[in-house]
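Okay, so here's the structure we're looking at.
Taken together, the values in this text are just the output of simple stated rules run on the coordinates, not laboratory data. Note that the coordinates shown come from a computational prediction; the quantities given were computed from them, not determined experimentally. Glycine also receives a Cβ, built like all others from the backbone with ideal geometry; neighbour counts cover every protein chain displayed.
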Amino acid sequence: MEYEPVIGLEVHAQLLTETKLFCSCLTAFGAPPNTQTCPVCLGMPGVLPVANKKAVRYAIALGLATGCTISKTSLFARKNYFYPDLPKGYQISQYEVPICRRGFIDIDLEGEKKRIGITRIHMEDDAGKLIHDEENPVSRVDFNRTGVPLLEIVSEPDIRSPEEAVAYLRALRDILLYLGISDGNMEEGSFRCDANVSLRAAGEEKFGTRTELKNMNSFRHIQRALFYEIRRQRALLDAGEEVLQETRLWDEAKQATFGMRGKEEAQDYRYFPDPDLIPITVPDEWIEEIRESLPELPAAKRERFISVYSIPEYDAGVLTSSRALADYFEDAVKGSGEPKKVSNFIMSELMRELKRDERDISECPVTPAMLSELLVMVDQGKISGKIAKDVFEEMYRTGTKASEIVEKKGLAVERDEGALIALIEEILAENPDQVAQFKAGKTKVLGFFMGQLMKRTRGKADPRLSNELLREKLAE
Ligand SMILES: [Zn+2]
């Protein structure tokens with residue numbers, strides 16, 4: 001039997017606001033436990049929450065960036081459940097009327113474009129964190145995260161493979177980073193993903209029973225967990241058994257998913273509008289003001305790089321992987337006027353160095369202007385392309401300008417005819433056999449002579465001039 005996987009994703013993205021969603025407690029990650037709390041986020045009786053305007057603004061920005069309709073009025077609701085990390089006994093979320101609805105994200109999978117629908121984007125507050133003591137049978141709770149603003153981005157069940165899922169998540173994360181509204185850090189939990197997975201017989205309209213996967217902390221985990229879950233469900237269906245609707249946890253160490261609990265239905269949460277919070281109303285002027293302040297987004301930037309700089313789609317994809325890298329590229333092109341050469345240098349030399357040091361482009365010791373200078377020197381024939389790579393390594397290590405390194409180390413191309421001729425004569429005199437071979441018509445040995453000359457000049461001999469001089473000398 002052939003099956004088609006049906007996947008929908010729910011992403012929780014923590015917003016980069018200074019303060020929490022309904023109180024003025026700070027949100028900075030890594031503060032000592034329970035130092036960023038107040039009666040509001042601890043859910044004391046009688047407190048009055050007030051919505052954070054910046055969080056609302058960020059939600060609208062993401063909605064606009066993903067083609068959503070922005071609700072003129074949206075509501076906060078209480079989602080009731082008990083858990084030790086939830087002091088209020090309910091989470092404040094948006095249920096019936098989310099702030100953004102019906103958008104999309106376009107993904108690109110090996111040249112195949114596909115549009116993944118977004119059902120809704122809503123705001124909610126985060127829960128605290130339980131810290132389980134490894135040595136003692138106790139758990140502690142840290143409420144610093146309680147009340148930190150989240151956006152939940154719910155996709156349509158349009159995703160058909162683990163690869164599509166990861167492409168969608170990467171695209172969504174890129175948009176959040178470009179907008180500067182979330183740091184997208186999966187390790188610190190500011191970008192978390194749950195996946196709903198089901199299988200249906202090929203050609204079937206109706207969805208099969210789905211499971212919800214949780215606890216996947218990287219793109220790789222997500223891809224592996226989805227592969228595993230698809231295989232597991234297929235085996236059940238092939239054996240004539242049923243898939244249970246449940247929440248399953250991915251265990252990276254065991255490379256498997258495990259049933260955690262039966263999946264709750266919405267009615268289990270007894271949602272009702274939060275009586276302490278007024279509806280959020282969004283005037284048109286505000287939407288327009290936010291729309292105008294949106295930066296160029298990854299997909300648009302990629303298209304522009306391809307058309308304006310005539311670089312391949314692959315290069316454009318790499319260079320727009322972050323806003324900072326894209327800016328770096330554009331600044332370096334401004335100085336050198338050679339987009340493809342700049343792109344090659346960034347994608348090979350520069351990114352290799354950054355990766356090795358686990359540095360971000362913003363921490364790169366070589367500025368775009370410094371890279372331009374280096375490439376202009378190659379273009380003008382002042383140094384060879386091979387030497388440029390060595391010079392770059394030194395620039396990266398020491399932060400010194402290319403021209404200074406070339407001068408200090410005497411790396412400029414050797415164009416002194418007299419000096420080159422003297423070396424060529426030396427080489428010819430030392431290798432009479434090869435000279436005889438050349439005269440007998442084996443012109444290939446020219447490469448051997450060039451190699452010798454480069455060795456003696458440490459790669460600095462001007463290739464074209466050397467070639468001419470060599471031929472002249474051999475013809476004598
Ligand atoms: Zn607070």
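Placing +1 on the Cβ of every Lys and Arg and -1 on the Cβ of every Asp and Glu, with no other charges, gives the chain a dipole of roughly 380 debye about its Cα centre.
Do the alpha carbons of any pairs in LYS334/LYS455; LYS355/LYS455; LYS389/LYS442; LYS340/LYS401; LYS129/LYS355; LYS72/LYS113 sit beyond 29 Å of each other, and which pairs? Before the final figure, lay out each step's value.
Details: LYS334/LYS455 35 Å; LYS355/LYS455 31 Å; LYS389/LYS442 33 Å; LYS340/LYS401 22 Å; LYS129/LYS355 32 Å; LYS72/LYS113 32 Å.
Exceeds cut-off: LYS334/LYS455; LYS355/LYS455; LYS389/LYS442; LYS129/LYS355; LYS72/LYS113.
Its residue count N sets the reference 2.2 N^0.38 Å, and the alpha-carbon radius of gyration of the stretch 417-475 equals 1.00 times that reference. With both residues required to sit in the chain, DSSP beta bridges show an antiparallel share near 95%.
Note on LYS53/THR398: beta-carbon distance plugged into 1/(1 + (r/R0)^6) with R0 of 51 Å gives a FRET efficiency of 0.65.
Go from 0 up to the bin containing the longest alpha carbon distance in the stretch 175-238, width 5 Å each, and give me the % of pairs per bin. Taking all Cα pairs of the stretch 175-238, the binned fractions are 4, 15, 20, 18, 15, 11, 9, 7, 1, 0 percent.
Once you divide the Cα radius of gyration of the stretch 224-346 by 2.2 N^0.38 Å, the number left is 1.81. Ranking of LYS460, LYS355, LYS114 by neighbouring Cβ atoms within 10 Å, starting from the fewest: LYS355, LYS114, LYS460.
For the stretch 53-94, compute Rh as the Kirkwood radius over C-alpha pairs and then the Stokes-Einstein diffusion coefficient at 37 °C and 0.692 mPa s; write the answer in µm²/s, rounded to an integer.
Details: Rh = 12.2 Å.
Translational diffusion coefficient: 269 µm²/s.
Among VAL333, VAL40, SER218, flag the residue with its Cα farthest along the positive direction of the charge dipole of the chain, charges on Cβ as +1 for Lys/Arg and -1 for Asp/Glu. Of the candidates, VAL333 comes out farthest on the positive side.
Rank-order 5-14, 67-76, 414-423 by packing density, defined as the average count of other C-beta atoms within 10 Å over each peptide's residues, highest first. Before the final figure, lay out the partial values.
Details: 5-14: 21.7, 67-76: 18.3, 414-423: 14.5.
In descending order of packing, they fall as 5-14, 67-76, 414-423.
Mean residue ellipticity at 222 nm from the helices of the chain, using -39,500 (n - 2.57) per DSSP H segment of n ≥ 4 over the full residue count, to the nearest 500 deg cm²/dmol? Dividing the helical sum by the residues of the chain leaves -12500 deg cm²/dmol. Once the convex hull of all Cα atoms in the stretch 26-149 is built, its volume per residue stands at 166 Å³. Peptide packing: for 398-405, 220-227, the average count of neighbouring Cβ atoms within 10 Å per residue gives the ranking 220-227, 398-405, highest mean first.
Within 10 Å of each residue's Cβ, count the other Cβ atoms and sort TYR314, TYR81, TYR90, TYR58 from fewest upward.
On the way: TYR314 10, TYR81 13, TYR90 19, TYR58 24.
Ascending number of Cβ neighbours within 10 Å: TYR314, TYR81, TYR90, TYR58.
Evaluated over the Cα positions of the stretch 340-389, the convex hull gives a direction-averaged projected area, one quarter of its surface, of 3.4 nm².
Which of rounded, prolate or oblate describes the stretch 100-152 when judged by the alpha-carbon gyration tensor and an a/c cut-off of 1.5? Let's see the in-between values first.
Details: a/c = 5.69, a/b = 2.16, b/c = 2.63.
It comes out oblate by the Cα gyration axes.
The long axis of helix 219-238 is offset from the longest Cα principal axis of the chain by roughly 60 degrees. Over the stretch 136-254, one equal point on each Cα, no solvent: what is log10 I(q)/I(0) by the Debye formula at q = 0.16, 0.19 Å⁻¹? The Cα Debye sum returns log10 ratios of -0.88, -1.12.
Counting Lys and Arg as +1 and Asp and Glu as -1 over every other residue whose Cβ lies under 10 Å from the Cβ of GLN452, the net charge comes to 0.
The Rg/Rh ratio for the stretch 1-52 is 1.29, where Rg is the radius of gyration of the alpha carbons and Rh is the Kirkwood radius.
How large, in Å, is the stretch 359-472 by the Kirkwood hydrodynamic radius built from its alpha-carbon pairs? Present the calculation step by step, with values, prior to reporting the outcome.
Working: mean 1/r = 0.0636 Å⁻¹.
Averaging 1/r across every pair of different Cα atoms and inverting gives 15.7 Å.
Taking the fewest neighbouring Cβ atoms within 10 Å as the starting point, the ordered list for ASP125, ASP284, ASP174, ASP85 is ASP284, ASP85, ASP174, ASP125.
Over 39 Å apart: what share of the alpha carbon pairs of the chain falls there, rounded to a whole percent? Result for the distance tail: 42 percent. A cysteine counts as unpartnered when no other cysteine's C-beta lies under 4.7 Å of its own; in the chain this applies to CYS23, CYS25, CYS38, CYS41, CYS193, CYS364. The Cα atoms of the stretch 296-409 cover 44, 31, 18 Å along the three principal axes, with the biggest extent listed first.
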